Every structure is written in C-alpha cells, then in structure tokens.
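Visitor: Quick one: the structure is below, questions incoming.
The values are calculated or read from the model by the stated rules, or taken from the named source; none is laboratory data. Note that the coordinates shown come from a computational prediction; the quantities given were computed from them, not determined experimentally. All Cβ positions, even for glycine, are placed from backbone atoms using ideal geometry, and neighbour counts span all protein chains on display.
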Amino acid sequence: MTTHRGFLVPAVLLMLTLGSSAHGQSGRGLMHGYVAFEDLSYNEVSAGAIRAKIELRGNTEFNHSVYTAETDRRGNYDIPAIGMGEYTLRITAPGHVAYQADLYIPSDFECRLAVMLKPVKIPSSGPSQEVDRALAHYRDLVLVMAHDSIAALFLSDGELSAAGQPTITGPAAIAAHLHSFAAYHVLANELVADSTRVAGDTAWQSGTYSQRVQVPAGDTVQVHGRFELQWRRVSGAGWRIRRIATRPPD
C-alpha cells in the first residue's frame with residue numbers, strides 16, 4: 001500500500017551464473033536462489049527462525065512484470081517462467097539489511113543466485129535507540145505478516161487506529177483484525193521516525209509510513225502517510241505499544 005522509498009544497499013555476498021537452460025526452449029528464464037544469514041546458522045534457519053522474501057520487478061518502460069517468492073526452510077527459492085527483460089531484484093528479511101540489484105534475464109536462460117544478508121546494526125545505548133529498535137522490529141513483523149506477533153506487541157489496552165476507521169483495542173481484537181487480511185501479501189513496508197521523544201517509561205514517535213501490498217485479485221496497491229506512536233516500557237518485556245495511529249500525508 002505505498003509509494004515505496006527505494007534505496008540501494010551495498011552488495012553483500014553475490015554469486016550469479018547465467019547459462020543455457022536445461023528446462024527446454026520456452027522463451028522464458030528461470031531463477032534458482034539461496035539466501036543465507038550472517039548471524040544465523042543453517043540449523044537455526046532450518047528450524048524456522050527466519051525466512052526471506054524475494055521480489056523480482058521489471059524496471060523498464062515496457063516491463064512491468066512482478067514475480068515474488070519466499071525461501072523455504074533450507075533457504076532456497078525458485079522463480080519459474082520469467083519473461084526476458086531487465087529487472088530489479090530485492091531480497092528482504094526481518095532485522096537484516098535488504099539486498100537489491102539490477103539484473104538482466106535472457107530468454108531460455110537459467111539464473112543461479114546466492115546472497116548472504118547481514119544483520120541491521122543499531123546502536124544499543126540509550127532509551128531512544130531502544131525505541132528505534134522496537135519500531136524496526138514492528139516494521140519487520142508487518143513485512144512478514146506475523147499477525148499474532150504484531151498483536152503481542154500491544155498493551156492490554158493498546159489501540160490500533162486509522163483515519164476514518166473505528167479504533168481497535170486489545171491484542172485479541174487486533175490479531176483478529178490482522179488475520180482478516182490473510183489473503184493480502186505485503187511486498188514492502190517502511191516506517192521512518194522523524195522524531196523520537198522519551199520521558200521515563202513512555203515514549204512518543206512520529207514519522208512517515210509507506211507500504212506496497214498485493215491484494216487478493218493480484219493487483220498491487222501503494223499507500224503512504226503519517227503515523228503517531230506511543231510506547232510504554234514494561235518491566236521484563238521491553239517497549240510495548242500503547243497506541244499507533246495512521247493518517248493520510250500532510
């Protein structure tokens with residue numbers, strides 16, 4: 001749901017080979033990929049600790065194709081039947097620096113790609129940095145549509161509010177609301193705080209959000225706007241959401 005703020009991240013570990021396809025002369029390409037994580041072992045990934053999302057998007061005037069995939073428990077993914085053309089590849093995972101690169105996929109060629117994602121480095125000192133980390137965690141959970149984990153971040157009287165919509169209160173009601181969007185697919189999600197203010201066990205943030213979502217019909221919807229977020233620090237549980245509200249851009 002957004003006009004996504006694109007940015008190019010530094011290349012991490014990349015191996016790319018293009019060769020003659022073994023799947024016949026179909027006129028379309030094929031991508032086999034593998035994603036590793038610098039801070040996670042193969043066994044941790046296999047146990048379901050994390051998965052990466054892959055988006056291959058046409059980036060020329062006449063190529064608007066979009067292909068998506070998700071890694072399995074071994075870190076592998078496949079994108080079959082890719083039309084010939086130029087694309088931007090973006091690989092994302094919660095808590096890790098996104099990988100982005102421009103690729104050319106020839107006709108009847110097979111692309112093999114291995115990428116290692118690096119963890120996001122966030123300063124660990126001070127309450128403001130703690131709140132920024134909590135916001136990044138919330139953003140990442142939304143990207144992977146971890147509905148129950150998102151709801152668990154809210155206090156018992158926590159509120160989720162959007163302009164023109166009824167306010168939803170409490171983790172159970174918020175989880176039910178989020179699960180009603182199970183047929184939707186979040187392709188990109190950004191939350192950028194313009195300001196962070198902390199006073200004791202309460203914190204306030206305001207900033208911009210942008211989101212791109214694939215709706216059940218297959219179309220892609222983009223939205224962006226402003227958010228206001230109030231946090232409360234809970235002993236032994238860290239920062240939890242008292243209220244988050246979104247509204248259209250100024």
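Visitor: Testing Val221 on (1) among the hydrophobic types (A, V, I, L, M, F, W, C); (2) touching a residue at least 12 places away in the same chain (Cβ under 8 Å); (3) assigned to a helix (DSSP H, G or I), one condition comes back false. Which one is that?
Guide: Going through (1) among the hydrophobic types (A, V, I, L, M, F, W, C); (2) touching a residue at least 12 places away in the same chain (Cβ under 8 Å); (3) assigned to a helix (DSSP H, G or I) one by one, Val221 breaks only (3).
Visitor: Which of (1) at pLDDT below 85; (2) small (Gly, Ala, Ser); (3) farther than 20 Å from Val144 by Cα is the odd one out, the single condition Gly6 does not satisfy?
Guide: All conditions pass for Gly6, except number (3).
Visitor: Out of all the residues in segment 169-178, is one or more modelled with pLDDT under 90, within 24 Å of Lys53 (Cα to Cα) and buried (at least 17 other Cβ atoms within 10 Å of the Cβ)?
Guide: no
Visitor: On to the next question. Just need a number here: residues in segment 111-168 that are basic (Lys, Arg) and modelled with pLDDT under 90.
Guide: Taking segment 111-168 first, the residues basic (Lys, Arg) are 112, 118, 121, 133, 139.
When the remaining residues are screened for being modelled with pLDDT under 90, the result is 121, 133.
Here the count works out to 2.
Visitor: When you look at Glu110, is it under 22 Å from Ala69 (Cα atoms), of a type in the set (D, E, K, R) and not in a helix (DSSP H, G or I), yes or no?
Guide: Yes, satisfied.
Visitor: Evaluate the following for Gly236: is it closer than 21 Å to Pro127 by Cβ, assigned to a loop (DSSP other than H, G, I, E, B), modelled with pLDDT under 95 and more than 15 Å from the chain's Cα centre (by Cα)? Lay out the reasoning, then the answer.
Guide: Numbers: closer than 21 Å to Pro127 by Cβ: yes; assigned to a loop (DSSP other than H, G, I, E, B): yes; modelled with pLDDT under 95: yes; more than 15 Å from the chain's Cα centre (by Cα): yes.
Yes.
Visitor: Another question, then. Restricting to strands (runs of 3 or more DSSP E) lying wholly in segment 38-85: which have 2 or more residues that are among the small types (Gly, Ala, Ser)?
Guide: Hits in segment 38-85: 76-83.
Visitor: Can I ask one more? In segment 67-106, which residues are under 19 Å from Gly29 (Cβ atoms), under 16 Å from the mean Cα position of the chain (by Cα) and hydrophobic (A, V, I, L, M, F, W, C)?
Guide: Result: Ala69, Leu89, Ile91.
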